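The values are calculated or read from the model by the stated rules, or taken from the named source; none is laboratory data. A quick note: this is a predicted structure, and the numbers were derived from the prediction, not measured. Cβ: placed from backbone, ideal geometry, glycine included. Neighbour counts: every protein chain shown.
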Amino acid sequence: MSDSSETAAFGLPWSDLNDGLFYNDVVSASDSGLTLIEFYSGKHNNSAPLQGWLQRIQNGQITVDGVVVKDPDWILRVDSKLVYHRIPWKEPDAPYLLEVLHDDDDMIALNKPSGLQVLPGGLFQQRTVLKQLQWWANQQKSSLSSQGSHPVPVHRLGRGTSGILLCAKTKLAKTRLAAYFADGTSVIKANSNTNMELCTRKISKIYRALVNGILDKDKVIINQPIGIVRYPGVAKGLYVASSSGKPALSKVAVLHRDVQENHTLVQVEIQSGRPHQIRIHLAFIGHPLVGDPLYVVGGQPKSFDAELADETFEQDGGYQRPAKPVPGDCGYYLHAHKIELSHPTTNEVVKIIAPLPPVLKTQQEADEMNI
């Protein structure tokens with residue numbers, strides 16, 4: 001096993017426009033006889049309103065069995081192959097450089113900057129960590145094994161969250177690392193006092209966060225379940241504090257109280273890995289992250305009122321972007337600072353640390369850096 005201890009970084013500057021996307025459908029027997037506009041406005045109404053789909057059809061963005069069809073009333077036949085081409089667009093600004101924190105034959109750990117999405121989704125299809133990993137792997141081919149390397153993230157960090165992101169280089173490493181994270185959510189159990197307790201596991205994750213308000217207690221355990229609710233602009237729903245949700249556990253320790261600014265610097269160890277867990281949990285106990293545009297006290301969004309009118313749509317035919325905040329919006333201070341895990345093939349203990357942003361350092365840590 002090789003290990004690179006020297007600090008390194010990689011990244012390819014983003015192109016102005018991405019390549020667009022292609023979406024494929026096959027007409028089923030039950031959909032045979034529908035018109036082209038009936039099919040798309042009915043089957044994919046979460047992508048665009050009726051008028052938006054009309055625009056896309058008339059723009060020549062849809063083919064039927066390889067032929068561009070601009071007639072919205074075209075009658076579909078069973079087994080016809082439909083392709084919708086989403087035209088290339090300029091994705092929102094995002095950083096592209098990734099610092100390498102650990103690199104060996106089985107896995108690579110990156111320091112993800114805030115503002116960079118991990119996997120494709122929504123407006124970000126190419127400005128992602130995954131795209132940079134694919135580019136990096138292609139550059140490394142000459143020095144890799146004959147099997148080649150296809151590094152992929154094995155967990156996610158929110159777009160606005162910075163810090164350690166683990167990526168697997170082999171299928172075996174991917175399976176085992178993914179199991180570590182899955183075990184973290186499955187081994188939560190209640191003890192006799194109905195509180196959650198930590199169980200032995202193969203990975204430990206510690207975050208830093210800056211929250212609003214002053215936490216009275218030095219240590220807090222939060223075991224509020226997290227569930228999903230419908231929310232405009234988030235197709236799969238929004239994660240929130242919910243009594244009917246799945247178990248989640250966060251251990252919070254106060255590092256510094258700034259009474260003048262009314263902020264508290266905290267360390268958070270999570271066993272479960274529910275989406276946006278730390279943001280939700282700290283908001284639930286009355287201390288949302290400083291700068292969080294979405295979650296407020298109670299672990300709920302600022303507002304649910306953001307339904308989109310069908311008659312309004314963007315230049316590409318899709319719905320107008322919601323005016324209300326969505327989970328991918330940045331502005332909060334959250335950093336995946338430390339991970340300790342069993343190596344996926346050697347079982348050696350591996351400790352990885354991502355340098356802290358200045359705003360998340362204690363005064364002592366800041367002073368030590370300046371010595």
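Values for this structure:
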{"read-out": "Elements of type strands (runs of 3 or more DSSP E) contained in the range 226-305, each with 2 or more residues being closer than 30 Å to Lys43 by Cβ and under 16 Å from the mean Cα position of the chain (by Cα)", "value": "234-241"}
{"read-out": "Filtered residue count, the range 325-366, keeping only those that are closer than 13 Å to Met107 by Cβ and in contact (Cβ under 8 Å) with a residue 12 or more places away in the chain", "value": "9"}
{"read-out": "Count of the range 326-371 residues which are in a strand (DSSP E or B) and not polar (S, T, N, Q)", "value": "13"}
{"read-out": "Residue identified as more than 30 Å from Leu341 (Cα to Cα), surrounded by fewer than 14 Cβ atoms within 10 Å (Cβ to Cβ) and modelled with pLDDT under 95 among Asp19, Asp3, Asp71, Asp79", "value": "Asp19"}
{"read-out": "Qualifying residue in the range 3-11 (condition: within 30 Å of Leu130 (Cα to Cα) and free of Cβ contacts under 8 Å to residues at least 12 places away in the same chain)", "value": "yes"}
{"read-out": "Of all residues in the range 78-125 being assigned to a loop (DSSP other than H, G, I, E, B) and touching a His at 6+ places or on another chain (Cβ under 9 Å), the one that is nearest to Val68 (Cα to Cα)", "value": "Val118"}
{"read-out": "Long-range neighbours under 7 Å by Cβ, at least six apart or interchain, first residue basic (Lys, Arg) within the range 86-106, second assigned to a loop (DSSP other than H, G, I, E, B)", "value": "Arg86/Gly20; Arg86/Asp316; Lys90/Asp16; Lys90/Leu17"}
{"read-out": "Any pair with Cβ under 6 angstrom, 6 or more apart, that starts in the range 238-250 at a residue that is touching a residue at least 60 places away in the same chain (Cβ under 8 Å) and ends at one that is among the small types (Gly, Ala, Ser)", "value": "Val240/Gly299; Ala248/Ser272; Leu249/Ser272"}
{"read-out": "Among residues of the range 211-225, those that are surrounded by 14 or more Cβ atoms within 10 Å (Cβ to Cβ) and either under 20 Å from the mean Cα position of the chain (by Cα) or in a loop (DSSP other than H, G, I, E, B) (or both), counted", "value": "6"}
{"read-out": "Residue within the range 12-22 that is charged (D, E, K, R) and over 30 Å from Glu99 (Cβ atoms) present", "value": "no"}
{"read-out": "Matching residues, the range 8-64, being in contact with a strand residue (DSSP E or B) (Cβ under 6 Å, 6 or more places away or on another chain), part of a loop (DSSP other than H, G, I, E, B) and within 30 Å of Ala137 (Cα to Cα)", "value": "Gly11, Gly20"}
